[in-house]
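Taking it in order: structure first as structure tokens, then the write-up.
The values are calculated or read from the model by the stated rules, or taken from the named source; none is laboratory data. Everything numeric here is computed off the predicted structure, so don't read it as measured data. Here Cβ is always computed from backbone atoms with ideal geometry, including for glycine, and neighbour counts include all displayed protein chains. Only protein heavy atoms, including side chains, enter the accessible area calculation; ligands, DNA and RNA are left aside. Shrake-Rupley method; radii C 1.70, N 1.55, O 1.52, S 1.80 Å.
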Amino acid sequence: PYESLPPARFRAATLLIDSVLITLWTHATGGPSSEFWTLYLIAVISVALRFDLLETLGAALGLALVYVVLILDGGLPSASALSRPALMLITGFAVGVLAQQRRLHQERQEALTRLIEERTQALSDEQALTARLRQVDLAKTEFVAVASHEFRTPLAAILGVISTLRSHGDSLAPEIRIELLD
């Protein structure tokens, strides 16, 4: 749904609101020792779904800094609390790369879908043209058959008259010969 919302300001505002709410919740539930620090990881993942790789890395760095400020404010951090910002950065990089690959795959898939649609349309046009050419060829064949049949009858009569004139022309009366020639 976030991809349909074009303004980057809206996406940045939601990130800011998320980070403020997560920080308040983490601070309220124990600060550096709170197990709700994982909400920062979820925020980094949600950023990767809305932004590109560099923006995701920037957001992960910003959330890690916010967490560092939170744990420094809560006193001396434990060793596990110190590794959490690094985990946020690693997560930001990993999900950013995955999100970028997903977007590239989606763009390629859309391009292939457009190509398939174009090729399908071209094939459909060729099939329609082939069907039309078959109809024209059939009409031509029918025309030649009808024309040859229509020409056979008069031609047979003409050949019969010529044959009669050739074989019996001298013995026929001149009026009959002229009539046959006409």
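Observations
- Computed [θ] at 222 nm, deg cm²/dmol, the chain (DSSP H ≥ 4; -39,500 (n - 2.57); rounded to nearest 500): -30500 deg cm²/dmol
- Cβ-placed point charges (K, R +1; D, E -1), dipole of the chain about Cα centre in debye, nearest 20: 660
- Positive dipole terminus of the stretch 90-151, leading residue within Leu123, Phe143, Gln100 (C-beta point charges): Gln100
- A viscosity of 0.692 mPa s and a temperature of 37 °C, combined with the Kirkwood radius over Cα pairs in Stokes-Einstein, give a translational diffusion coefficient for the chain of 137 µm²/s.
- FRET efficiency estimate (nearest 0.05) - Cβ-Cβ, Ile178 to Ala156, R0 30 angstrom: 0.90
- Degrees between helix 8-28 axis and first principal axis of the chain (Cα, 0 to 90, nearest 10): 30
- Accessible surface of the stretch 10-90, 1.4 Å probe, proportion on carbon and sulfur as whole %: 79
- Computed with every protein chain present, the accessible area of Asp73 is close to 110 Å² [probe 1.4 Å].
- Between Ala28 and Gln109, the C-beta separation translates, for a Förster distance of 45 Å, into a calculated FRET efficiency of about 0.55.
- Positive-end residue of Pro154, Leu57, Ala8, charge dipole of the chain with Cβ unit charges: Leu57
- Residue (of Leu21, Leu72, Ser46) at the positive-pole extreme of the chain, dipole from beta-carbon charges: Leu72
- Efficiency of FRET between Ala139 and Ile116 - r from beta-carbon atoms, R0 22 angstrom, step 0.05: 0.05
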